Amino acid sequence: MLKVSIITITYNSEAHLEETIKSVLGQDYPDIEYIIVDGGSTDGTLDIVRKYSDRITRWVSEPDEGISDAMNKGIGMATGDVIGLIHSDDYYYDETVVRRVAEAFAGDDRTTVVYGIMDYIDPETEKVILQWGRDETPSAIRQQMYMPHPTVFCRREVYETAGLFRKDYRAAMDYEWAMRVTKQTRPKFLDFKIACMRDMGRSGWNFNQTFSETVRALNEHGYYFDALKARARNLVKKALYASGLRGVVNWVWSRNVKPRV
């Protein structure tokens, strides 16, 4: 049986952390190593962590250099055959997720990276804003991030060959990492819901930085024409955001990244 390491990074996350923890501890897969990396929270986050400390394999609370640094710390602590990350505003869709992911790896030694479908959740209404995740080629993934990060699981050796998350990226670190990964393998799409994310994460509310970093990543990896296209798309998105039309952006984005029927 494959050992699966799950990592949650937190910082002042008392609002939703308990649901994240419960979604991990409630999994029906027996061999899970659960690691929490906290950035030195000053609210009630650590009280929640301590409440479940007897079922958390390892946790640490200390200052870090940002999201990438925190994720890299967790990966360094992990001892599992397979590693997944679920952050403190996110949660797994149901109790079968990790078991079904582990079965996908166990059924094929050539499978090194998997991902699936994610629901974006409105934090106020708890309704689904859009669905994200579809089966695409590495080339398509590099042009448009079809791999929602909370749904991604990989064998630990992937981090050894492709590398960890770059700390000089503050919002699109998962996109830049996916570019490195898709140069060496085709991630396997799992056609079921794996995770839910509230509030669209850091990349949702800090869209200016996200836009800048996606173009930067494309240029750094030599995809210059794709970088030009991304820059043009981002200018249109910024104009729509400034006009209060974020819903239009979400609608177009949903059509582009939602699962194929």
Task: Pair list, Cβ under 9 Å, 6 or more apart: the range 219-238 residue closer than 17 Å to residue 139 by Cβ, other residue assigned to a helix (DSSP H, G or I) and of a type in the set (Lys, Arg) - done: 221/142; 221/180; 223/142; 226/142; 227/216
Task: Test: residue 119 is touching a residue at least 12 places away in the same chain (Cβ under 8 Å), within 28 Å of residue 69 (Cα to Cα) and among the acidic types (Asp, Glu) - done: yes
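Confirm whether residue 71 is modelled with pLDDT of 95 or more and assigned to a helix (DSSP H, G or I).
On the way: modelled with pLDDT of 95 or more: yes; assigned to a helix (DSSP H, G or I): yes.
Criteria met by residue 71.
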TODO: Can you give me the ranges of the strands (runs of 3 or more DSSP E) entirely in the range 79-190 with at least 1 residues that are modelled with pLDDT of 95 or more and buried (at least 20 other Cβ atoms within 10 Å of the Cβ)?
DONE: 82-85, 90-92, 113-121, 153-155
- [ ] All but one of (1) touching a residue at least 40 places away in the same chain (Cβ under 8 Å); (2) under 23 Å from residue 176 (Cα atoms) hold for residue 26, so report the exception by its number.
- [x] (2)
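Of the residues that sit in the range 1-57 and are of a type in the set (Phe, Trp, Tyr) and more than 19 Å from residue 195 (Cα to Cα), which one is nearest to the chain's Cα centre (by Cα)?
Kept after step one, since they are of a type in the set (Phe, Trp, Tyr), are these residues of the range 1-57: 11, 29, 34, 52.
The next check asks that each one be more than 19 Å from residue 195 (Cα to Cα); those that pass are 11, 52.
Working: 11: 16, 52: 23 Å.
Selected residue: 11.
The values are calculated or read from the model by the stated rules, or taken from the named source; none is laboratory data. Given the structure is predicted, the values throughout are model-derived calculations rather than measurements. Quick reminder, even Gly has a Cβ in these numbers, built from the backbone with ideal geometry, and neighbours come from all protein chains shown.
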